1. Looking at the chain as a GNM with Cα springs under 10 Å, which of 150, 205, 71 has the largest mean-square fluctuation?
2. Using θ = phi - 60° and the Karplus curve 6.51 cos²θ - 1.76 cosθ + 1.60, what whole-Hz ³J(HN,Hα) does each residue of segment 122-132 get, with Gly and Pro shown as x?
3. How far is helix 6-15 tilted off the main Cα axis of the chain, in degrees rounded to 10, range 0 to 90?
4. Among (1) 18.4, 60; (2) 16.0, 53; (3) 19.3, 60, which one is Rg and Dmax of the Cα atoms in Å computed from these coordinates?
5. Taking H as built 1.01 Å from N, whose amide H comes closer than 5 Å to the amide H of residue 77, not counting residues under 5 places away?
6. Return the distance in nm (one decimal) between the two label points of a simple spin-label model at residue 134 and residue 210, each offset 7 Å from Cα along Cα→Cβ.
7. Given 108/177; 141/211; 164/205, which pairs have Cα atoms separated by over 20 Å?
8. Choose one of 76, 95, 229: the residue whose Cα lies farthest towards the positive end of the charge dipole of the chain (beta-carbon charges +1 Lys, Arg; -1 Asp, Glu; about the Cα centre).
Amino acid sequence: MAKLGKRTRAAREAFAGKNNITVEDAVALVKTGATAKFDETVEIAMNLGVDPRHADQMVRGVVTLPNGTGKTVRVAVFARGPKADEATAAGADIVGAEDLMETIQSGKIEFDRCIATPDMMPIVGRLGKILGPRNLMPNPKVGTVTMDVKSAVEAAKGGEVQFKVEKAGVVHAGIGKASFDAAALAENIRAFVGAVSKAKPSGSKGAYMKKIVVSSTMGPGVTVNVESANAE
């Protein structure tokens, strides 16, 4: 069995026996346990009572966190002409059409969010096998296939988070940095949980939100009371 370092042992001891606690208590605990030499990301993982293999139980959506993510998001936009200029003016990091497609096909993916105007989808569609598994494929349901390129780019840069349930029924995302004020992290957590709650699919039966865990990049996780996290 691998020997645990002093920092890891101390964090686990601090978290021991603390489960199903309020959002505020969880945030305080996670911030205390984030002792790495870099500004750790605070992450949330939700176990949902859905089976995403069925279309009527798919959970996906987008939420703008009120206090941002603390992460610099690199945005690529598929557009031509005035819309390409609009994307560049809005702060997009990469803008292109066929040239951008060829760059991605070569294996060079230097962006975290991909946006496209509707007329670009025949080109973007060829990249489904590359972008799809990375959750980068533009989709009108989450606002990344749009003619309003300016708003889409600004939202992506301003703290918008996309979420999509995985095979095991888990949704996870980064909701801020350990350096954030505790109140800001708590507000972000509730905004994210609220968005997932509103995205409840018609095919979901029984308990929808089964478990919520909050952690930092290098720290242990702590279970959060579902009612506390889903409070309006």
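1. Greatest mean-square fluctuation among the candidates belongs to 205.
2. Computed from phi, the couplings for segment 122-132 are x, 6, 4, x, 5, 9, x, 6, 8, 7, x Hz.
3. Roughly 80 degrees, rounded to the nearest 10.
4. Working out Rg and Dmax of the Cα atoms in Å from the coordinates points to (3).
5. The answer is 94, 95, 96, 115.
6. Those two pseudo-labels are separated by 3.1 nm.
7. Details: 108/177 28 Å; 141/211 26 Å; 164/205 18 Å.
From the list (108/177; 141/211; 164/205), the Cα-Cα distance tops 20 Å for 108/177; 141/211.
8. Positive-most Cα among the choices belongs to 229.
Bear in mind that the values in this text are calculations on the coordinates, not laboratory data. No experiment lies behind these values; they were computed from the predicted model shown. Every residue, glycine among them, receives a Cβ derived from its backbone with ideal geometry; neighbour counts consider all protein chains shown.
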